[in-house]
Structures are given as C-alpha cells and as structure tokens.
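Notes follow the structure.
The values are calculated or read from the model by the stated rules, or taken from the named source; none is laboratory data. The structure displayed is predicted, hence computed values, not measured ones. Please note: Cβ atoms are built from the backbone with ideal geometry, for glycine as well, and neighbour counts cover all protein chains shown. Heads up: the accessible areas ignore ligands, DNA and RNA and are worked out on the full protein's heavy atoms, side chains in. Shrake-Rupley method; radii C 1.70, N 1.55, O 1.52, S 1.80 Å.
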Amino acid sequence: MMGKTRELNTKESVKVVTSNSFITACGLEDLSLKGRKLLYLAISQCKKTDTEFYEYHISVKSFAEMMDIQANNVYSIMESTTDELMRTFIKYKDNKNTRKYSLFSLCEYNDTTIRFKLNPDMTEFLLELKGNFSQPLLAEFVKMRSPYSMAIWHLMQREMKSQKPYADHVIEFDLSLDELREVTGTEHKLEKLSNFKNRVLDKALKEIDENCNVVITYEHIKQGRKVIGFHFVAKSKWYR
C-alpha cells in the first residue's frame, strides 16, 4: 500500500537535521558511502513541522548523478545500496536499555525510479527536535568521496553547532580519538595512529576543505605520552 508521498527537495539550502544522539548511534559506522548518501538524502527531506515520515521518489538518473556512477552500473549499485539500507540497523543505549532500529521501512525500485521511506519508529531522532540537534547541509555531504569524511564532518558540525567560520572568525573544539574511531568504525582497524591520521582523519579534513570551504587543523591532546584526542581549529577558506 502506498503511503503519503512528497516531492524531493534538492535545493542547496536543504539540511540534514538529526538529534546529536543519532550521529554517534552504533551501526552507522558500517554504512558505505552510497548508503550513507541515500540515508542523508532521506533525512534531509524531513521538515520542522513534520510529525511522520513521508515516502520519496528519486529517478534512477538522479541517483546515478548523486552517486557519481556510470549508467551501465546503476542498477547493480541501486540493488546493493537498497539491500544495505534495508538490513542496516542502529543501536542506541539509553540508561540501562538498548534499543535497535532498522533505518528504512521501504525501498522499492523499477527501471526509472527508486521509492524509499524511513522507519517510522525513528521519529525521536529526526522529527520535532527541541534541542541537542545538528543541521549540516546535504549538498556538502553529497560531494564527499569517503564515508569517513561524511561521519567526521557530521561529528564536527555537532561540535560547531552546525555553523561554519566566517572570514575573520575561528571555531575551536576538541574530539576524543575514541569517538572519532567509533563513528568511522575503526576501533579495530588502522590501529597505528599514523595510519588512522593518514587514511581517515587527514583525508576527511582535505575533503572538508574542498567541499565545505572550511580549513581545519589540529594538535594532539595527550595523556602522558599517549594521544587521546585532538584540538581542532576551523577557519574559513577565505580567513584573513
């Protein structure tokens, strides 16, 4: 049965509004780049006044453009991406309770169109948010080429309160190494700090520079001789 449908809004101003607890929910770290992009597209369609999720359609052509894939690969990638989204769940711990949520309740496609809907049980993370939420721009995520970059920028936007520094302004914040590893799913990968920085953190900062026009540098935060986090300084690309 068809649910309530609404046209996709793909304007540059569209934001991915989520509760801060959603950003670090266990399970998102395993999403592929394409899976994360389609998830963020779905989330970005939620309006401030919504009390429920709608169904949305994206043309196969638009999907291919968003994912930067060739026409001859689009249907196999469409199938693998929708399979991934239907089987992925997030795990959220609240006091002593652990709750698990499937991300999507529906993914359907044919030769021309993909139809999708978020799991209605996830409204607490995405609708009628009163505080402790972040709202980075969808357009910046869509341009990225690594799921690590998307996860790190989302986490940083939480710390930056969804703002970006303007020309004569800087934003400073700290993030622990543990939290960066958790959102990128690298707790048991790239265990040498140099490998993590080269293949995850530095690559993400390069993509943020290229796609968000924000230059971010960092210094180590140490406990004794051990690096436990980073102090970040974010400046506009046009900082003076």
Confirm whether PHE116 is in contact (Cβ under 8 Å) with a residue 24 or more places away in the chain, surrounded by 13 or more Cβ atoms within 10 Å (Cβ to Cβ), part of a helix (DSSP H, G or I) and out of contact with any His (no Cβ under 6 Å at 6 or more places or on another chain). no
Return the total of residues in segment 29-58 being open to solvent by 50 Å² or more (accessible area, probe 1.4 Å) and either assigned to a loop (DSSP other than H, G, I, E, B) or of a type in the set (S, T, N, Q) (or both). 6
For residues in segment 141-161 being part of a helix (DSSP H, G or I) and open to solvent by 10 Å² or more (accessible area, probe 1.4 Å), which is farthest from LEU177 (Cα to Cα)? VAL142
Among the residues of segment 85-102, are any closer than 21 Å to GLU7 by Cα and over 17 Å from the mean Cα position of the chain (by Cα)? no
Restricted to segment 59-113, and to residues that are of a type in the set (S, T, N, Q) and part of a helix (DSSP H, G or I), which residue is most open to solvent (accessible area, probe 1.4 Å)? ASN72
Extreme residue, most open to solvent (accessible area, probe 1.4 Å), among residues of segment 174-218 that are part of a loop (DSSP other than H, G, I, E, B) and in contact (Cβ under 8 Å) with a residue 12 or more places away in the chain: ASN213
Confirm whether THR123 is open to solvent by 40 Å² or more (accessible area, probe 1.4 Å) and part of a strand (DSSP E or B). no
